[in-house]
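J.: Dropping a structure here in structure tokens format, bear with me for questions.
The values are calculated or read from the model by the stated rules, or taken from the named source; none is laboratory data. What you are looking at is a predicted structure, and each value in this text was computed from that prediction instead of being measured. When we count neighbours, we look across all protein chains shown, and the Cβ atoms used for this are built from the backbone with ideal geometry, even at glycine. What goes into the accessible areas is simple: the full protein's heavy atoms, side chains included, and nothing from ligands, DNA or RNA. Shrake-Rupley method; radii C 1.70, N 1.55, O 1.52, S 1.80 Å.
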Amino acid sequence: MEKKDMTILVGNNSKTYRFFITINGKLEEAPIKKVENQSVVDIYKKVLNNFFYECSEEKTKRKRLTYVGYNTFKPNRKSEEYLGIKLQNSKEEKLNIYFTSKSLEAFDNLDRWIQQIKVSDFNDYANEYIEKNSVRRMTIRPAIDDKSSIVYIFDNEEYNSLRIQRQLGYYYRKSGHVIDELDVANICNIIRKFINHNLENHPRYEYNDILRIKCDKKIHLEIKDGDLIDQLEKKRILDDLWLVMNGVIEKMPLQEESILQKEELKRKRIKYLERKNLP
């Protein structure tokens with residue numbers, strides 16, 4: 001059962017499942033063909049498997065998760081409100097799963113699993129385009145709604161006047177001044193990868209109201225959110241980039257390495273500045 005836009009409603013205590021597809025903007029009951037002894041739970045697991053894996057006789061290929069969103073849904077005016085997770089993969093297939101108040105344990109279990117996938121898939125998605133030298137511009141900004149997503153635009157003819165070409169965009173969850181921790185971790189990893197891949201293009205940063213990491217060949221990364229910039233400073237992104245810019249270290253360390261070695265890296269900065277002040 002492969003549908004481009006599917007919605008699943010999970011009933012009380014995760015014992016009932018209803019399957020819908022979107023046709024002309026409206027939810028319609030999905031035609032379900034059961035095989036012998038197949039339960040609704042088996043069908044639910046199959047839908048999840050089809051969303052994350054593309055299977056053929058030759059091989060099984062993973063579809064990357066590119067969008068995770070959260071919202072609520074009321075099937076009708078008399079029903080209770082469901083809490084849901086909205087997903088999209090690299091094949092632009094959509095899967096929305098909503099849970100009643102009596103199935104929130106299942107919601108929590110699914111959410112934890114999705115967050116693990118998000119960490120690896122968002123990083124893998126970004127790394128693929130960075131390693132292919134396909135990213136000329138990277139933009140990182142808060143999402144409008146309660147969601148996180150990553151998208152690559154090679155050549156969007158509709159927006160050519162805005163020069164949206166070869167652009168990687170990361171949109172992260174933010175509530176007030178609080179940014180989703182997994183998004184911060186992902187963003188740090190992707191920025192470090194972007195810098196290290198462009199070392200021969202002399203990456204450097206400019207920081208006024210906007211943080212820009214610029215390279216010689218008109219390749220740049222742009223962040224306008226002061227809250228995220230504060231987080232990146234705490235995670236030593238700018239400190240490590242300064243060390244790279246001045247030849248103190250050869251490349252950006254991994255995020256975990258930078259935090260563990262921060263005192264040693266600080267000493268290297270101090271020694272460099274002391275040498276620069278020598279006559």
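J.: Using θ = phi - 60° and the Karplus form 6.51 cos²θ - 1.76 cosθ + 1.60, what ³J(HN,Hα) does each residue of segment 216-227 get, whole Hz, x for Gly and Pro?
T.: These are the phi-based 3J(HN,Hα) values: 4, 8, 6, 9, 8, 10, 9, 9, 9, 8, x, 5 Hz.
J.: At a 1.4 Å probe, what is the % contribution of carbon and sulfur to the accessible area of segment 162-279? Numbers along the way, then the final one.
T.: On the way: 3370 of 7030 Å².
Its accessible area is 48 percent carbon and sulfur atoms.
J.: Another question, then. Please list, ordered by chain and number, the residues whose modelled amide H lies under 5 Å from the amide H of Asn96; skip anything fewer than 5 residues away on the same chain.
T.: Placed amide hydrogens put Met6, Thr7, Ile8, Leu87 under 5 Å from Asn96.
J.: Here is a follow-up. Could you grab the relative contact order for the chain? Cα pairs under 8 Å, six or more apart, rounded to a whole percent. Write down the numbers at each step before the final one.
T.: Details: 426 pairs, mean separation 34.8, N = 279.
Taking the mean separation of contacting Cα pairs over the length of the chain, I get 12 percent.
J.: Looking at the chain from every direction and averaging, what is the projected area of its Cα convex hull in nm²? Walk me through the numbers before you get to the answer.
T.: Working: hull surface 79.4 nm².
About 19.9 nm², averaged over all directions.
J.: Here's another thing I want to ask about it. Using modelled backbone amide H atoms (1.01 Å from N, in-plane), which distant-in-sequence or interchain residues come within less than 5 Å of Arg204's amide H?
T.: Lys214
J.: Quick one: ranking Tyr53, Tyr17 by accessible area, 1.4 Å probe, largest first, what do you get? The partial results should precede the final answer.
T.: Working: Tyr53 90, Tyr17 35 Å².
In descending accessible area the options line up as Tyr53, Tyr17.
J.: Among DSSP bridges having both ends in the chain, what percentage is antiparallel? Round to the nearest 5. Let's see the in-between values first.
T.: Values: 45 of 61 bridges.
So the antiparallel bridges amount to about 75 percent of the total.
J.: Between helix 40-52 and the chain, what is the angle of the helix's C-alpha long axis to the longest principal axis, kept within 0 to 90° and rounded to the nearest 10?
T.: That works out to roughly 30 degrees.
J.: Mind checking the dipole of the chain: about its Cα centre, +1 per Lys or Arg Cβ, -1 per Asp or Glu Cβ, Debye to the nearest 20? All intermediate terms of the calculation are to be shown ahead of the outcome.
T.: Numbers: 52 positive and 45 negative charges, 56 e Å.
Charge dipole of the chain: 280 debye, to the nearest 20.
J.: What are the ³J(HN,Hα) couplings of segment 69-81, residue after residue, when phi is run through the Karplus curve with 6.51, -1.76, 1.60 and θ = phi - 60°? Round to Hz, x for glycine and proline.
T.: Once θ is set to phi - 60°, the couplings for segment 69-81 become x, 9, 6, 10, 8, 10, x, 7, 5, 8, 7, 6, 7 Hz.
J.: For a protection proxy built on the mean count of beta-carbon atoms within 10 angstrom, sort 263-272, 79-88, 248-257 highest first, please.
T.: Taking the mean over residues of other Cβ atoms within 10 Å, the ranking is 79-88, 248-257, 263-272.
J.: If you don't mind, another one. Does segment 235-274 classify as rounded, prolate or oblate by the C-alpha gyration tensor (a ≥ b ≥ c root eigenvalues; a/c under 1.5 gives rounded; else a/b over b/c gives prolate, otherwise oblate)? List each step's numbers first, then the result.
T.: On the way: a/c = 2.03, a/b = 1.35, b/c = 1.50.
Here segment 235-274 falls in the oblate category.
J.: Can I ask one more? Rolling a 1.4 angstrom probe over the protein chains, ignoring ligands and nucleic acids, what is the accessible area of Thr7 in square angstrom, nearest 10?
T.: 10
J.: Can you list the trypsin sites (Lys or Arg not before Pro) in segment 122-214 that are in a DSSP coil and have 16 or fewer other beta carbons within 10 angstrom?
T.: Values: sites: Lys132, Arg136, Arg137, Lys147, Arg163, Arg166, Arg173, Lys174, Arg192, Lys193, Arg204, Arg212, Lys214; in loops: Lys132, Arg136, Arg163, Arg173.
Of the trypsin sites (Lys or Arg not before Pro), the ones in loops of segment 122-214 whose Cβ has at most 16 other Cβ atoms within 10 Å are Lys132, Arg136, Arg163.
J.: When the C-alpha atoms of segment 47-131 are aligned to their principal axes, what extent does each axis show, in angstrom, from largest down?
T.: Largest first, segment 47-131 extends 50, 30, 21 Å along its Cα principal axes.
J.: Tally up the carbon and sulfur contribution to the accessible surface of segment 5-133 as a whole percent, 1.4 Å probe, everything protein left in place. Walk me through the intermediate numbers first.
T.: On the way: 3450 of 7660 Å².
C and S atoms contribute 45 percent here.
J.: Using the charge dipole of the chain (Lys, Arg: +1 at Cβ; Asp, Glu: -1 at Cβ; taken about the Cα centre), state which of Tyr17, Cys55, Leu232 has its Cα farthest towards the positive end.
T.: Leu232
J.: Whole number in Å², please: accessible area per residue of the chain, 1.4 Å probe, ligands, DNA and RNA not counted. Intermediate values should be presented prior to the final figure.
T.: Details: 16770 Å² over 279 residues.
Result: 60 Å² per residue.
J.: Let me ask something else. Where does helix 104-131 land angle-wise versus the long Cα axis of the chain, in degrees 0 to 90, nearest 10?
T.: Once rounded, one gets 50 degrees.
J.: Is the shape of segment 54-204 rounded, prolate or oblate, going by the alpha carbon gyration tensor and its root eigenvalues a ≥ b ≥ c, with a/c under 1.5 for rounded and a/b larger than b/c for prolate?
T.: Note, shape of segment 54-204 comes out prolate.
J.: Given axes a ≥ b ≥ c from the Cα gyration tensor, I'd like to know whether segment 140-274 is rounded (a/c under 1.5), prolate (a/b larger than b/c) or oblate.
T.: Numbers: a/c = 2.25, a/b = 1.42, b/c = 1.58.
Note, shape of segment 140-274 comes out oblate.
J.: Comparing Ile191, Ile153, Ile237, which has the greatest mean-square fluctuation in the GNM of the chain with Cα pairs linked when under 10 Å apart?
T.: It is Ile153.
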